Amino acid sequence: MCDAKQNAVDAIDGLSTILKTLADEIWEHPECSLKEQFAARRYCETLEQLGFQVERGLGGIETAFSGTFGSGRPVIGILGEFDALSGLSQAAGETAPKPLKPGGNGHGCGHNLLGVGALAAACAVKRYLEETRSEGTVIFFGCPGEEGGSAKAYLARERLWSSLDAALSWHPSTVNQVRTGTNNSSIQVLYKFHGVASHAAGSPELGRSALDAVELMNIGVQFLREHTTDDCRIHYAILNSGGISPNVVQSEAEVLYMTRANRVRDCVKLQERVDKIAAGAAMMTETTYDRVFIDGTAEVLPNNTLEKALYRNFEQIGIPTHTAQELSFARALRATYPVEETPPGIGAMFDDEIADAVRKKTGNMTAPLNDFLMPPYSGTGFVAGSTDLGDVSWLTPTAQIEVVSWPAGCPGHTWQVVSCGKSTIAYKGMLCAGKVLAATAIDLLTDPELLKAARAEFQKKSASGYVCPIEDGAVPIAL
């Protein structure tokens, strides 16, 4: 690693107090998707203080923003998230459930770390551009609504990501790895049925039940499931069942549907079939309905060229190391959830040889903190979940890493993750991620052949063209 690059990476340690403070502030003000007013304000203030040119309200999304430094090409985007989850309020540093606010929000996916780690990387790249006076631009993107809202996909509809030469991101995790493989696409649509209220006993013939429409729609979708391909999934939640009085014909009822498929183009077709069932349910009950598009995401296009560059830098920089006190806390937290031989999401699950090696290193996945870098794996892995990073990957070469930020095997979206979110374990993962992303971004700025190879791979894999899951005219909605 050259001196200028090393200096840039080392600069993250000099900013650690600012970065940790910001991560704590975001943790202390957990805001759900598309409602991240405090987080967006604090990020924009910090970006301006650090010398970035800030643009607010990207794509008409109030809590989306960017911070830019430099000029000319290449243009490297570094993506950060900062939304929390509902119902996961939890005191920090505890090894038992202890909500700070019953029913309140909490950072159960570590996004208070994700955004700040990405910001750390952008700061390091900025330092490099300043010291070397090199041509190139780094842009930190504040991306709201990953947990619901899909801001990156809405921005993809506007082709924002096409202006980048490459995009990098990371996610807090139980393992240190360069993530590869792909995932499901998804689409969410809300159906609001409107009927006519009436006395359910005295004049039922005058009523038109919106709840009947919801139930008939659910039955119709149940029969559809038999006639979809194996990769498809259809989920639903009734948001409004029409009240608590069975002797009143329900005049209003709402159901939220999520469809999934391996490929976004197939998900769009599946969604069209679900729409037809909603129309049929309204016709059968003589009700009407409003169809409200919520969000959608495409599947990830992995870029092995970028992944190899990330891995080289991960090896050079090294993984977080932990003290006896940190291991003790992780061990106590580890005891609060079941031990799984190979936790969901671990990359080794896709390659048997690597999986066996990982089991041996971790004592069959019982270590309190994973203390090794996962070997590179095939890129054929698949996870059933969805992420709006996929929409970025269809418009520019994209890759991401994961860094240990909470105990081994800990499931995401849990109080345990929230509890660990203000720990030194979390900070170490966050700063390590920033360094790996920064070093790789600098490689992309200084090595035209690397960028050329990443672009060539991207063009080959995206040749079929991006099908945006976000419909024309749809606007982000905070549920």
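Quick one: which residue in Lys276, Lys308 is open to solvent by 80 Å² or more (accessible area, probe 1.4 Å), closer than 29 Å to Asn184 by Cα, out of contact with any helix residue (DSSP H, G or I) (no Cβ under 8 Å at 6 or more places or on another chain) and without any contact (Cβ under 8 Å) to a residue 12 or more places away in the chain?
Of Lys276, Lys308, the one residue that is open to solvent by 80 Å² or more (accessible area, probe 1.4 Å), closer than 29 Å to Asn184 by Cα, out of contact with any helix residue (DSSP H, G or I) (no Cβ under 8 Å at 6 or more places or on another chain) and without any contact (Cβ under 8 Å) to a residue 12 or more places away in the chain is Lys276.
Residues in the stretch 323-343: is at least one of a type in the set (Asp, Glu), in contact with a Gly (Cβ under 6 Å, 6 or more places away or on another chain), in a loop (DSSP other than H, G, I, E, B) and buried (at least 17 other Cβ atoms within 10 Å of the Cβ)?
no
Does Gly363 satisfy being modelled with pLDDT under 75, surrounded by fewer than 15 Cβ atoms within 10 Å (Cβ to Cβ) and assigned to a loop (DSSP other than H, G, I, E, B)?
yes
Name, by its number, the condition in (1) under 15 Å from Glu315 (Cα atoms); (2) part of a helix (DSSP H, G or I) that does not hold for Leu450.
Of (1) under 15 Å from Glu315 (Cα atoms); (2) part of a helix (DSSP H, G or I), only one is false for Leu450: (1).
Just one of Ile61, Ile26 is open to solvent by less than 20 Å² (accessible area, probe 1.4 Å), touching a residue at least 24 places away in the same chain (Cβ under 8 Å) and in contact with a Pro (Cβ under 9 Å, 6 or more places away or on another chain); which is it?
Ile61
Mind checking whether some residue in the stretch 235-243 is assigned to a strand (DSSP E or B), of a type in the set (Gly, Ala, Ser) and out of contact with any Ser or Thr (no Cβ under 6 Å at 6 or more places or on another chain)?
Taking every residue of the stretch 235-243 in turn, at least one turns out to be assigned to a strand (DSSP E or B), of a type in the set (Gly, Ala, Ser) and out of contact with any Ser or Thr (no Cβ under 6 Å at 6 or more places or on another chain).
When the stretch 128-152 is examined, which residues are found to be over 24 Å from the mean Cα position of the chain (by Cα) and part of a loop (DSSP other than H, G, I, E, B)?
Arg133, Ser134, Glu135
Confirm whether Asp165 is surrounded by fewer than 24 Cβ atoms within 10 Å (Cβ to Cβ), under 30 Å from Thr440 (Cβ atoms), at pLDDT 95 or above and charged (D, E, K, R).
The answer is yes for Asp165.
Would you please name the residue that is farthest from Phe193 (Cα to Cα), looking only at residues in the stretch 270-313 that are assigned to a loop (DSSP other than H, G, I, E, B) and aliphatic (A, V, I, L, M)?
Per the stated criteria, the residue is Leu301.
Just to verify a result, which residue in the stretch 246-267, among those that are outside any strand (DSSP E or B) and among the aliphatic types (A, V, I, L, M), is most open to solvent (accessible area, probe 1.4 Å)?
Among those that are outside any strand (DSSP E or B) and among the aliphatic types (A, V, I, L, M), it is Val249.
Taking the stated definitions as given, is Glu135 open to solvent by 10 Å² or more (accessible area, probe 1.4 Å) and closer than 20 Å to Ser16 by Cβ?
Here the answer is no, as Glu135 does not meet what is asked.
For Phe38, work out the one condition from (1) free of Cβ contacts under 8 Å to residues at least 24 places away in the same chain; (2) open to solvent by 70 Å² or more (accessible area, probe 1.4 Å); (3) within 16 Å of Val116 (Cα to Cα) it doesn't fulfil.
With respect to (1) free of Cβ contacts under 8 Å to residues at least 24 places away in the same chain; (2) open to solvent by 70 Å² or more (accessible area, probe 1.4 Å); (3) within 16 Å of Val116 (Cα to Cα), Phe38 is out only on (2).
Is it the case, given these coordinates, that Glu158 is surrounded by fewer than 17 Cβ atoms within 10 Å (Cβ to Cβ) and more than 21 Å from the chain's Cα centre (by Cα)?
no
Return the residues of the stretch 29-81 that are under 21 Å from Thr396 (Cα atoms) and part of a helix (DSSP H, G or I); say none if nothing qualifies.
Those that are under 21 Å from Thr396 (Cα atoms) and part of a helix (DSSP H, G or I): Leu58, Gly59.
Here's a check for you: in the stretch 411-430, which residue that is open to solvent by 20 Å² or more (accessible area, probe 1.4 Å) and β-branched (Val, Ile, Thr) is nearest to the chain's Cα centre (by Cα)?
Applying the filter and picking the extreme gives Thr414.
Do we find a residue being touching a Leu at 6+ places or on another chain (Cβ under 9 Å), on the phi > 0 side of the Ramachandran plot and outside any strand (DSSP E or B) anywhere in the stretch 197-213?
No: the stretch 197-213 contains no residue that is touching a Leu at 6+ places or on another chain (Cβ under 9 Å), on the phi > 0 side of the Ramachandran plot and outside any strand (DSSP E or B).
Quick check on the stretch 81-112: of everything there that is in contact with a Leu (Cβ under 6 Å, 6 or more places away or on another chain) and not aliphatic (A, V, I, L, M), which residue is surrounded by the fewest Cβ atoms within 10 Å (Cβ to Cβ)?
Restricting to residues being in contact with a Leu (Cβ under 6 Å, 6 or more places away or on another chain) and not aliphatic (A, V, I, L, M), the top hit is Thr95.
Yes or no: the stretch 83-99 includes at least one residue that is over 23 Å from Cys410 (Cβ atoms), under 20 Å from the mean Cα position of the chain (by Cα) and without any contact (Cβ under 8 Å) to a residue 24 or more places away in the chain.
The answer is no, given that none of the residues of the stretch 83-99 is over 23 Å from Cys410 (Cβ atoms), under 20 Å from the mean Cα position of the chain (by Cα) and without any contact (Cβ under 8 Å) to a residue 24 or more places away in the chain.
The values are calculated or read from the model by the stated rules, or taken from the named source; none is laboratory data. Note that this is a predicted model, so its numbers are computed, not measured. Don't worry about glycine lacking a Cβ; one is built from the backbone with ideal geometry, like all the others, and counts go over all protein chains shown. SASA here: full protein model, heavy atoms, side chains in, ligands and nucleic acids out. Shrake-Rupley method; radii C 1.70, N 1.55, O 1.52, S 1.80 Å.
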